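Chemist: Got a structure for you, questions after.
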Amino acid sequence: SVGYSIRLETKRSARTRLLFCTTGILLRTLESDRELKEGPISHIVVDEVHERSLDSDFLLIVLKDLLRRRPGLRLVLMSATLNADLFSEYFEGCKVLDIPGRTFPVTRLFLEDVVESTGYFCPPGSEYAAKLKTTERKVEGGPPVHRSMRGSAGRVLETLQHADPRGIQHVRIKKAIGTEYSANTIDTLATMDMDRINYDLLAALVKQIVVQRHSEAKKIKHKEEKKGGPPIDGAILIFLTGFNEIKTLLEALRKDRELADESRFWLVPLHSALSSEDQRRVFKIPGPGITKIVLSTNIAETSVTINDCTVVIDCGKMKETQYDSQNGMSCLVETAVSRANASQRAGRAGRVREGIAYHLFPSYHQETMLAQPIPEMHRAPLEALCLRIKILRLGDIHKFLARALEPPPSGAIEHAIKVLQTLNALSSPEKSKDNKVEVARGGELTPLGYHLARLPVDARIAKMMIYGCVFRCVEPCLTIAASMAFRSPFMAPFDKREEADKVRRHISNGNISDHLTLLAAYDGWIDIQRTSGASAARQYLRKNFLSYNTLSMIRNMKEQFKKLLANIGFLPQIRSATLRSLGKVSKTSSSSSRPRIFWEERRIDSSDGKPYTEASFVDVYGGLTEWKLSKPGPPLERRVDPSDGNAYTKHSFLETYGGLKEWEASGKAAAAAMRAKGKNVVRDYETSEAERSINENQGNLRLVRALLVAGLYPNVVRVDRVDVKKSGYNDRKGGKGDKKVEVKLTANTGSVEIHPASVLWGEAGFRYPFLIYHEKVKTSKVYLRDATMITPYSLLLFGGNIKVDHTMGQVVVDDWISFNIPAQHAVLIHQLRLQIDKLLQRKITEPQYDALNCDQSNKIVEAVSQLMLSEE
C-alpha cells in the first residue's frame, strides 16, 4: 500500500511499500535507525531540493555518508529548477536525467515590454525615480558597464556622463535591449529606481490586462466555461514581498472605479497571517465574466497552487530572513529574486493552458541575478542543526558541516555552539594552561542537551518545556511553546486590523505579555468548548479573530510534546489523552444503562482548609481567581444512575433515594466495566491525580513568566522611562499641557523597539523594568517579537550567573543586570538558586527520579511558587 507521514499524523501499515513523508520525519527516523535497515528502505526520493532548506541540505550530508555504507541504497534528487551540475558533482558525478515537464508553455516578458505596452512614463521627479548620487553622479540599475575605455573616446564618454548622467544610461540600455523599443521606454528604464516596487506601473499593467480581456471576451465564445471548467482567461497572480506591500497595491487597485467593481473583479490577498476562510477564497473559481486577481507573497511560489492561474506578474523581489550571528538576530531583508525563483513563478501561469508572465525587472538584469536562492544554511541560526549532529553521533560539528553542499560560515557555527553552551546544552570549552579559553570545536552533549535534542523545537523553547514539568506548570508552558514553535493563532483581516488589535489587547487583560495573551486566548477556547459546545466555540473564534486551524494544531502539538516528555522521563506516563479538568458533569442519555464514574476537580481554600469545586467556590466567593491558585484537593466523585441518567455525589444520592445500595452497586459495576473495557469507559482516579499534580501551579502566572526566563534567557531588554515634553509645554508657567511618558528599550546589543503587532506596543506603564522576548528581528528597525514583562525575582532565580556583592548590597546577573538587595535577602536568594540548580541537575541526569513525590523537591517548588506570588 501507499502511506504518508507528516508531523502529528501518520497513515501506514506493515504492507506499506511507498511512504510519502517530510524531510523532518526522515531525519527523526535516522535518529533511531541510522542505517535505514528497518523495512529495509531501498530507495529514497528527495523532491524540491532546489529550495535548499536547512533540513534538506543537512539530509544530503547524512545520505551521502549512508550511500558509502549501504551501496545498494538508491537515491533520487528531484526539482523543476535544479542546478543539476552542482548536485551531480557533490555526489561524485552521478547521472542526470532531464524529463520534459507537463505544464503548458509560458511566454515571459520583462520590464521593457511592460513599459512599452502600457506606455508608462517615469519622470525624473517621480517617487519611483532613482536619486542621483552626488559623489559618483550615476544612476544605479543600468546594464553592466565596461570601464576599460582609454584615450579620446573615454574622455568624450566621461564628459557625456557628467553633463547628462542619465544620457549614458540611454546608450547602455539601448544596446542591452535592442532598437525596437521606443524612446519613452528607454527613458523610463534609465529613470526608474530598480530597487523599489512601482505600484503605479503595477496598477497600469493590471488595468491593461483586464481591459484587453474584457474587450476580447465580447468577441469570443467561452467554450471552456460551458463545459464547467475555469474561465478561459484565468486568474491573475501578482507576487509581492509582504503584507504591507499587498495592502498598498490593494488600495491602489481599489481606487480604480472599474477594478473596484466586485461583480466583475475579485481582489484577493494571500498571506500567511490571513484567516483560513480568507485564504480559501483564493481557490474558488469565479463565474463567467469575472476576473480573479490574487495578490500574494512567495507563499504561492511553491506552497500554494492556484489551479486557474494563467497570468503571473512578478515584482522581481522577495523578503528573505537572514541571520546576523554577531548580534544574534534575524534580519528581514528585501532582495532580488534569483533566476530559479523567477522561473518558478513564471511556471505558475502554465498549469491549465498557455500562460504569460510579466517580470518587472529588465531582461538584462538576469545576467547579474543569482542563479539559485541563498541556501537556508547560510541565513538561519544553526543551534537546532548542531544539536541534531550530536544526537545522531555524527562527530565534530565544524568538520561535519564542512562536508555540506555549500558549507555555512565558520563564524555562524561558532555562534550557535556558544548559544548552546549558554543554555548548558553543550559542554563548555576547557581553559588552556595559560588560562585562556580555547575556541570550542563543538563540545559534547550535556544531559540537558540530550533531552533538548529529543524535542522537535528550538532549544530555548524545549528548555522552557522541561522547566515547566519540573515546576508543575505543564499546561501553560506547553501552550506557549507550541505557539512559539508554530505560529500565533491571532489573525489580521485586511479590513479589520485595528479592531483585531483592540480585541487582542482586551484578551491580554493588562498582563503586558504576548505569551500570556496567547495563553488566555487558547484557554478561553478550550473552556468554552468544554462548557458550551462547538457552536459557542466557533462564535468565540470569530469574535476574537482567532484561527481554528492554528489553535487545533497547537492542541495537537501539545499532545505530541506530552508524549515526548513522558518518553524522556519528565512527565508520568498518563493514560488519558488530555490534561484538563473535568469541569461540569453533563447529564447522560437516559437510555444509556452503562455505569460510569466521574471525578470532578476540587481545590483546597487556604482560608478555611475546605475543598471546593469550581461551581461551589463561585457560589461562596463569587470568583475563581483564588481557586485557580489553590492547591489541589481530593476529587469529588459522581456516579451515574442508569435509571435517570443523572450524575450524583454520594450525599446527593442519599438525599434523593434515601439509601446507598444502588450507589455501591453502580460503583462495583463501573469498576468491572473498567477492568473489561479500559479507559474508554471510565476516568481513572490515579490518572486524574497525576494530571493535577503536574499542573498544580498552572494558575500562578508569575511563575509562568519566570519559566519564560528559564527558557529564553539571555533574550532580555531593560526598560527605561523617558519624559518627553508635548508641544505647548511650559515649565515656568506651571506646565501648560502634559508630559508624555515614553520608554526606551535597551538590549545587550543596543536599542530595540516593540513590534507594532505586539500587545506591548505603545505601552508606557511597565511595572517592572525588564522584558523577555522570543526573537529579535531587523526590518526598518530592530523589533522584539513575542515579549513579556518579567519580575526581578524571575531574573535572579532563572537568569544567568549571579554574583552577590555584600559590601555594595547588590546582586548582579551576568555582569550587566544589577539589583539593590539587602544582604540577608541576597543570601537567601543565592541559597534558593543553588537548591533549584541541584533539583534540576538531578532530574535532568536522572529522569526516572520521582520529583512529584519527593519532599525536598516539593519544598523547593513550593518556595519558588510562593516567592513569585509574594513579589510586589
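Chemist: Take the alpha-carbon centre of segment 494-514, take the same for segment 98-120, and report the distance between them in whole Å.
Modeler: Here the answer is 44 Å between Cα centres.
Chemist: Continuing with this model, one more query. How much length, in nm to one decimal, is gained on full extension between Ser1 and Phe121, taken as 0.36 nm per residue of separation minus their Cα-Cα distance?
Modeler: Gain on stretching Ser1 to Phe121: 37.2 nm.
Chemist: May I pose another question? How big is the equivalent ellipsoid of segment 460-562 along its three axes, where each semi-axis is √(5λ) from the Cα gyration tensor, reported in whole Å from largest to smallest?
Modeler: Working through the eigenvalues yields semi-axes of 23, 16, 12 Å.
Chemist: Related question: So, with a 1.4 angstrom probe, what is the percent of accessible area on segment 279-363 that is carbon and sulfur? If you can, show how the numbers build up before the last one.
Modeler: Working: 1310 of 3040 Å².
It is 43 percent, rounded to a whole number.
Chemist: Moving on to the next point. With label points built 7 Å along Cα→Cβ from the Cα atoms of Ser693 and Ala615, find their separation and express it in nm.
Modeler: Each label point is offset 7 Å from its Cα along the Cβ direction, giving 2.9 nm.
Chemist: Follow-up question, since we're still on this one. Grab the beta carbon distance between Glu499 and Glu626, set R0 = 41 Å, and tell me the FRET efficiency rounded to 0.05.
Modeler: After rounding to 0.05, the efficiency reads 0.75.
Chemist: For segment 1-140, what is the accessible area per residue in Å² when the probe is 1.4 Å? List each step's numbers first, then the result.
Modeler: Details: 8770 Å² over 140 residues.
Roughly 63 Å² per residue, with all protein chains present.
Chemist: Dividing the alpha-carbon radius of gyration of segment 786-845 by 2.2 N^0.38 Å (N being the number of residues), what value is obtained?
Modeler: 1.19
Chemist: Which order do peptides 97-109, 62-74 fall in by mean Cβ count within 10 Å, highest first?
Modeler: 62-74, 97-109
Chemist: Starting from the Cα of Lys744, draw a straight line to each of the aspartates and glutamates and keep only those under 13 Å, dropping any in the same chain fewer than 8 residues away.
Modeler: Candidates past the 8-residue exclusion: Asp720, Asp723, Glu753, Glu763.
Chemist: Continuing with this model, one more query. Which pairs in the list Lys390/Lys558; Lys418/Lys558; Lys463/Lys838; Lys838/Lys859; Lys247/Lys319; Lys463/Lys776 are over 21 Å apart, alpha-carbon to alpha-carbon?
Modeler: Numbers: Lys390/Lys558 25 Å; Lys418/Lys558 29 Å; Lys463/Lys838 16 Å; Lys838/Lys859 13 Å; Lys247/Lys319 16 Å; Lys463/Lys776 19 Å.
Check vs 21 Å cut-off fails for Lys390/Lys558; Lys418/Lys558.
Chemist: For segment 51-68 and segment 453-467, compute the distance between their C-alpha centroids and round to whole Å.
Modeler: Distance between centres, Cα-based: 24 Å.
Chemist: A follow-up question, please. Could you pull out every one of the aspartates and glutamates with an alpha carbon less than 19 Å from that of Lys95, ignoring same-chain neighbours closer than 8 positions?
Modeler: Straight-distance partners of Lys95: Asp47, Glu48, Asp65, Asp85.
Chemist: Sort the following peptides by mean Cβ neighbour count (other Cβ atoms within 10 Å, averaged over residues), highest first: 823-834, 233-244, 251-262.
Modeler: Put in order of decreasing packing, that is 233-244, 823-834, 251-262.
Chemist: Calculate, for segment 750-872, the solvent-accessible area per residue in square angstrom, rolling a 1.4 angstrom probe over the heavy atoms of the protein chains.
Modeler: Spelled out: the 1.4 Å probe surface of segment 750-872, per residue, equals 50 Å².
Chemist: Still on this structure: First select every other residue whose beta carbon is under 13 angstrom from the beta carbon of Glu383; then total the charges, Lys and Arg +1, Asp and Glu -1.
Modeler: +2
Chemist: So who's got an amide H within less than 5 Å of the one on Thr297, skipping anything under 5 residues away but keeping other chains? H placed 1.01 Å off N, in plane.
Modeler: Residues meeting the criterion, in which the H sits 1.01 Å from N, are Leu240, Leu270.
Chemist: Greater than 20 Å separation of Cα atoms is the criterion. Which listed pairs, Lys37/Lys562; Lys131/Lys778; Lys255/Lys292; Lys284/Lys543; Lys502/Lys543, meet it? Provide the component values of the computation, followed by the final result.
Modeler: Values: Lys37/Lys562 29 Å; Lys131/Lys778 25 Å; Lys255/Lys292 17 Å; Lys284/Lys543 25 Å; Lys502/Lys543 11 Å.
From Lys37/Lys562; Lys131/Lys778; Lys255/Lys292; Lys284/Lys543; Lys502/Lys543, over 20 Å: Lys37/Lys562; Lys131/Lys778; Lys284/Lys543.
Chemist: Sorted by average packing, counted as other Cβ atoms within 10 angstrom per residue and highest first, what order do 412-419, 79-86 take?
Modeler: The densest-packed peptide leads the list: 412-419, 79-86.
Chemist: Also, quick follow-up: R0 = 60 Å: FRET efficiency of Leu654 with Thr248, Cβ-based, nearest 0.05?
Modeler: The value I calculate is 0.25.
Chemist: Could you give the length gained by full extension between Asp814 and Arg12, i.e. 0.36 nm per residue of separation minus their alpha carbon distance, to one decimal place?
Modeler: Gain on stretching Asp814 to Arg12: 283.7 nm.
Chemist: Write out the GluC sites (Glu not before Pro) in segment 69-135 meeting two conditions: DSSP loop, and at most 14 other Cβ atoms within 10 Å of their Cβ.
Modeler: Hits after loop and neighbour filter: Glu92, Glu127.
Chemist: When the accessible area of segment 518-575 is split by element with a 1.4 Å probe, what percent falls to carbon and sulfur? Walk me through the numbers before you get to the answer.
Modeler: Numbers: 1320 of 2700 Å².
Within segment 518-575, the accessible surface is 49 percent carbon and sulfur.
Chemist: At a Förster radius of 22 Å, what calculated FRET efficiency corresponds to the Cβ-Cβ distance of Ala863 and Gln824, to the nearest 0.05? Display every interim value, and only then the final one.
Modeler: Details: r = 16 Å, r/R0 = 0.73.
Calculated transfer efficiency: 0.85.
Chemist: Could you give the length gained on full extension between Arg196 and Ser32, defined as 0.36 nm per residue of separation minus the Cα-Cα distance, in nm?
Modeler: This chain segment gains 54.1 nm when fully extended.
Chemist: Then there's this: Can you list the HN-Hα couplings for segment 487-499, worked out from phi with the Karplus curve (6.51, -1.76, 1.60; θ = phi - 60°), rounded to whole Hz and with x for Gly and Pro?
Modeler: 6, 5, x, 6, 9, 10, x, 4, 8, 9, 5, 5, 5
The values are calculated or read from the model by the stated rules, or taken from the named source; none is laboratory data. Keep in mind it's a predicted model, so treat the numbers as computed, not measured. Here the Cβ is made from the backbone with ideal geometry for all residues, glycine too, and neighbour counts use every protein chain on show. These area figures cover heavy atoms from the full protein model, side chains too; ligands, DNA and RNA do not enter into them. Shrake-Rupley method; radii C 1.70, N 1.55, O 1.52, S 1.80 Å.
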